[in-house]
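Quick note: the coordinates plus some simple rules give every number you see, no bench work behind them. Computed from a predicted structure; not experimentally measured. Cβ sites come from the backbone with ideal geometry, for glycine too, and all protein chains shown count toward neighbours.
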Amino acid sequence: MSIAVSDMSICAYRAGMLSEKLLDGRLKIRHLTLVTTIADHGTLISASKALHVTQPVITRGLREVEEILGVSLFHRGPRGVTPTIYGSSFITHARTILAQLRQAGGQIDLLIHADVGRVRVGTHLAGSNVLLPHAITSLKAEHPRLTVEVQEATPDLLYNALLAGETDMAVGRLRATPPPGLHQERLYVEPILLVTRTGHPAHNLSRPRLADLTTFPWILPVEQTALRAELEEAFLHEGAAVPQDIVECTSMPLVRELLVSTDRIAALPSLIAKSDDRLALLDTGLGSISRSVGVTVLAGLPLVPAAGTLLQHLRHAARDLEH
């Protein structure tokens, strides 16, 4: 027992010493930027180009951080670098710290220019067609000088942008479990339905099953989305193969154009199809596939004032959509 206590005491002592070393002034913000940039680009050469410095500067800075921490942050290989277990942990915290600093700068900038304001919102297919436009319309009616910057991307890119402090919130389909460092707020639940153009030949079939539709061309979400995995599971459950003629797309304008101009089929949120007279719903059940639509933000940090205002309008718009 005395040995175990002694080992624990040594570990606690070492942890305390490392914490003090991180706060003694040697670790700089530039070190955090350098480490996260190396992680993002995968090589020291690419990181040096991204930061507009020479490779020796990158090498020296990385060595400084590793000496402070007393561990290696990256595995060096012939094709680049990959984070070690220590590097992965440190990089996560470095991203959070940099994001908080960006948020702090944004807050101060908004206080300086409180009469204008800006909110940066990322969106994916699930939130961009109905909910977000309604919320922005009502927001601008009350605050015409507030600027809304909308960025469309896949969920994984939106989450990275949030963690990096490059956006204030993401609007779209929520995950069952939020990614580390992020908080989700559900606004409403919407079923996913199969959609075609009006007059599509599939409507001549009587209550078609997925297996009856595999000969048609399809539009599927990209592979890193939850909806893509759920659709593939639905095909598997019916014993049907995933269609071979597919276009992978998450841009709603392109999805709509492909639907109305071809015989492609897509799985879309019901509100999208119901609000477009050139689209029609197929009477094909997708089981329990639905989407929880909501907002994802950084966990533990207050929203900038403009983002908080947009969130209120998103909540009101969601309530209107549910009725």
Assigned charges on the beta-carbon of Lys, Arg, Asp, Glu; segment 36-88 dipole about Cα centre (debye):
200
On C-alpha positions alone, give me the angle between the axis of helix 55-69 and the longest principal axis of the chain, in degrees, nearest 10.
70
Add +1 for every Lys or Arg and -1 for every Asp or Glu among the other residues with Cβ under 12 Å from the Cβ of Arg209, and state the total.
-2
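How much net charge surrounds Glu248 when only other residues with a Cβ under 9 Å from its Cβ are counted (Lys, Arg +1; Asp, Glu -1)?
Summing Lys and Arg as +1 and Asp and Glu as -1 gives 0.
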Cross-link partners of Lys49 among aspartates and glutamates (Cα-Cα below 18 Å; sequence separation of 8 or more within a chain)
Asp40
Radius 14 Å from Cβ of Arg63, net charge of other residues (Lys, Arg +1; Asp, Glu -1):
+2
Nearest 10 degrees, 0 to 90: helix 2-22 Cα axis against the chain principal axis:
80
The answer for the longest stretch of the chain without any exposed GluC sites (Glu not before Pro) (DSSP loop, at most 16 further Cβ atoms within 10 Å) is 1-165
How would Arg197, Arg264 line up from fewest to most surrounding beta-carbon atoms within 10 angstrom?
Arg197, Arg264
Distance between segment 244-323 and segment 191-215 - C-alpha centres, whole angstrom
19
Gyration tensor (alpha-carbon) shape descriptor, segment 52-202, a/c threshold 1.5
oblate
Does a label point 7 Å from the Cα of Ser251, set along Cα-to-beta-carbon, have any residues of segment 122-163 with amide nitrogen under 13 Å, and which are they?
152-154
Residue (of His124, Ile45, Gly165) at the positive-pole extreme of the chain, dipole from beta-carbon charges
Ile45
Could you tell me whether segment 189-291 comes out rounded, prolate or oblate from its Cα gyration tensor? Rule is a ≥ b ≥ c as square roots of the eigenvalues, rounded for a/c under 1.5, then prolate if a/b exceeds b/c, otherwise oblate.
rounded
Please get the size of the charge dipole for the chain, origin at its Cα centre, with Cβ charges of +1 on Lys and Arg and -1 on Asp and Glu, quoted in debye to the nearest 20.
720
